[in-house]
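**Q** Before I ask anything, here is the structure I am working with.
The values are calculated or read from the model by the stated rules, or taken from the named source; none is laboratory data. Nothing here was measured: the structure is a model prediction, and the numbers come from that model. So basically every Cβ, Gly included, is an ideal-geometry build from the backbone, and we count neighbours across all protein chains shown. Just so you know, the surface numbers come from the protein's heavy atoms only, side chains and all, with ligands and any DNA or RNA stripped out. Shrake-Rupley method; radii C 1.70, N 1.55, O 1.52, S 1.80 Å.
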Amino acid sequence: MRTLRRASAPIAVAATTVLLLAGCGSDDKDDQDDKAGQGNGGGGTSGGPQGPGSPGSAKPPSSITVLAAASLTGAFNEAKEAYTKKNKDQDVRFSFAGSQELAAQVKQGAPADVVATADTKTMDGLAGEVNSPTLFAKNKLTIVVAPGNPKNIKTLADLARTDLTVVLAGPTVPVGRYARESLGKAGVTVKPKSEETDVKAVLTRVRMGEADAGIVYTTDVKSAGDAVASVDIPDESNVVAAYPVAVIKDSRQQGPAAAFTQWLLTPEAQEILKKYGFAAP
């Protein structure tokens, strides 16, 4: 029994030594793993996605959708280039249509952030859906005719001639309402062949030779270039169109949306609008 008790001590020491060596080996392996992890970007993780604050990560631009009157198409497309060039963290997408269609979209909850109409009446009808609007441009009416004015149209009174095919925008469309107001000032009654959904449709009818004349904005004739000609409407019979813009209350991009509407009043934006024939508000 005494011999057995003496032998137990060396066995215990040997066992303890084996455990200590095993522990050291584990620590050495952990140190190697940690160093390998640091060489791969830290944290002991290699090949994983970089966090938001990582040097290589790029924040995507915030995007806003703007519902805009059809007459703003050319000016707003150029304005977008200038705005996003200066504000690289923002993107702007447009949806152009007649103002009455835009209002319907807003009321139906269409996913959009900003609305710009060609009249204050339509915007007033959206009082419950938008923040306080701001006027950013003005426009005037003109008679659009074929190049060279082959029908020799000189005044609003000529639009009542029976030998002419005249088109107007519908009465709920701002330019259609303005046209009827202008004709009323001149004491002229016109029976249009068709009533279009927006001003671009009126312009297209004349440009394609489907109509002899129509009433559009001066900006539309300017954007069409040599494809059409125009006959001025005197100030006493003309109507000034005021263009308001507002942020939609349900927008999830209130900051970027407000920034764009405010930018429209800057000298840079106003210069672009002027280029397309719009007047300052």
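**Q** Does the stretch 206-220 hold any residues that are more than 26 Å from residue 120 (Cβ to Cβ), open to solvent by 10 Å² or more (accessible area, probe 1.4 Å) and in contact with a Ser or Thr (Cβ under 6 Å, 6 or more places away or on another chain), and which are they? Spell out the reasoning first.
**A** Of the stretch 206-220, the ones more than 26 Å from residue 120 (Cβ to Cβ) are 206-213.
Cutting the leftovers down to open to solvent by 10 Å² or more (accessible area, probe 1.4 Å) gives us 207-210, 212.
The answer is 212, and nothing else.
**Q** Let me ask something else about it. Which of the numbered conditions does residue 135 fail, given that it passes all the others? Conditions: (1) out of contact with any Asp or Glu (no Cβ under 8 Å at 6 or more places or on another chain); (2) outside any loop (DSSP other than H, G, I, E, B); (3) open to solvent by less than 40 Å² (accessible area, probe 1.4 Å).
**A** Every listed condition holds for residue 135 apart from (3).
**Q** Can you tell me which residues in the stretch 149-162 are of a type outside the set (Val, Ile, Thr) and either buried (at least 18 other Cβ atoms within 10 Å of the Cβ) or in a loop (DSSP other than H, G, I, E, B) (or both)? Can you show your working first?
**A** To start, the set of residues in the stretch 149-162 that are of a type outside the set (Val, Ile, Thr) comprises 149-152, 154, 156-161.
Matches in the stretch 149-162: 149, 150, 151, 152, 154, 156, 158, 159, 161.
**Q** Within the stretch 82-105, can one find any residue that is among the β-branched types (Val, Ile, Thr), free of Cβ contacts under 8 Å to residues at least 60 places away in the same chain and farther than 17 Å from residue 249 by Cα?
**A** Just the residues of the stretch 82-105 that are among the β-branched types (Val, Ile, Thr), to begin with: 84, 92.
Restricting the remaining residues to those that are free of Cβ contacts under 8 Å to residues at least 60 places away in the same chain gives 84.
Filter again for farther than 17 Å from residue 249 by Cα, leaving 84.
So far as the stretch 82-105 goes, yes, one or more of its residues are among the β-branched types (Val, Ile, Thr), free of Cβ contacts under 8 Å to residues at least 60 places away in the same chain and farther than 17 Å from residue 249 by Cα.
Okay, residues lined up against (1) open to solvent by 70 Å² or more (accessible area, probe 1.4 Å); (2) touching a Leu at 6+ places or on another chain (Cβ under 8 Å); (3) in a loop (DSSP other than H, G, I, E, B); (4) free of Cβ contacts under 8 Å to residues at least 60 places away in the same chain:
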{"position": "147", "(1), (2), (3), (4)": "yes, no, yes, no"}
{"position": "168", "(1), (2), (3), (4)": "no, no, no, yes"}
{"position": "172", "(1), (2), (3), (4)": "yes, no, yes, no"}
{"position": "175", "(1), (2), (3), (4)": "no, yes, no, no"}
{"position": "184", "(1), (2), (3), (4)": "no, no, no, yes"}
{"position": "195", "(1), (2), (3), (4)": "yes, yes, no, yes"}
{"position": "204", "(1), (2), (3), (4)": "no, no, no, yes"}
{"position": "226", "(1), (2), (3), (4)": "yes, no, no, no"}
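**Q** Still on this structure: Out of the stretch 116-128, which residues are open to solvent by 60 Å² or more (accessible area, probe 1.4 Å) and among the acidic types (Asp, Glu)?
**A** If the condition is that a residue be open to solvent by 60 Å² or more (accessible area, probe 1.4 Å) and among the acidic types (Asp, Glu), then 124 is the only one that fits.
**Q** Kindly indicate whether residue 113 is of a type in the set (Asp, Glu) and open to solvent by less than 60 Å² (accessible area, probe 1.4 Å). Working first, answer last.
**A** Numbers: of a type in the set (Asp, Glu): yes; open to solvent by less than 60 Å² (accessible area, probe 1.4 Å): yes.
Here the answer is yes, as residue 113 does meet what is asked.
**Q** Of all residues in the stretch 241-281 being open to solvent by less than 40 Å² (accessible area, probe 1.4 Å) and assigned to a strand (DSSP E or B), which is nearest to residue 220 (Cα to Cα)?
**A** 241
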